[in-house]
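Below is one structure, written out as structure tokens; the observations come after it.
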Amino acid sequence: MHELSITQSVVDVVTERTGERRVAKVHLQIGKLSGIVPDSVRFCFELIAADTPLAGAVLEIDEPLGAAHCRGCGEDFELRDLILLCPCGSADVQVVAGTELAVKSVEVV
């Protein structure tokens, strides 16, 4: 489960920036095409944050859809999963959004 190490990295990054100040909320963005399971991150967050200034913090996760550009027909289209096919049937697509993993904001008390 790579979500455990990803969540540990998120907690580490937040504590590096906030120090010992108590964190009330962490807002993440995890793209639908990132390969990261948001529910697993939520579960891991509670465990990893338990003995840190993030203990009890609310974790908000936005899950933006993916977007791609078809090199065959030139169409831009939405991707909801990792099936990289254009509506025209071409698999010659370039993913342009949806793979992100970012800490969007942190609220401290």
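Quick note: the coordinates plus some simple rules give every number you see, no bench work behind them. Every value quoted in this text rests on a predicted model; they were computed, and no experiment measured them. Using ideal geometry, Cβ is built from the backbone for each residue, glycine included, and neighbour counts are taken over all protein chains shown.
Structure data summary
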{"quantity": "Relative counts (whole %) of C-alpha pair distances in segment 43-109, using bins that are 5 Å wide", "calculated": "3, 15, 19, 15, 9, 9, 9, 9, 7, 4, 1"}
{"quantity": "Hull-based mean projected area of segment 1-96, where the convex hull spans the alpha carbons, in square nanometres", "calculated": "6.8"}
{"quantity": "Label point 7 Å beyond Cα of GLU60 along Cβ direction - residues of segment 69-109 with amide nitrogen under 14 Å", "calculated": "103-108"}
{"quantity": "Those residues of segment 47-74 whose amide nitrogen sits under 13 Å from the label point placed on ASP92, 7 Å along Cα→Cβ", "calculated": "70-74"}
{"quantity": "Spin-label proximity, ARG71 to segment 91-109 - amide N less than 17 Å from point 7 Å beyond Cα toward beta carbon", "calculated": "91-97"}
{"quantity": "Relative contact order (%) - criterion: Cα under 8 Å, at least six apart; region: the chain", "calculated": "37"}
{"quantity": "Share antiparallel - DSSP beta bridges, the chain, percent rounded to 5", "calculated": "75"}
{"quantity": "R0 of 35 Å, Cβ-Cβ distance GLU107-GLU78: FRET efficiency to nearest 0.05", "calculated": "0.70"}
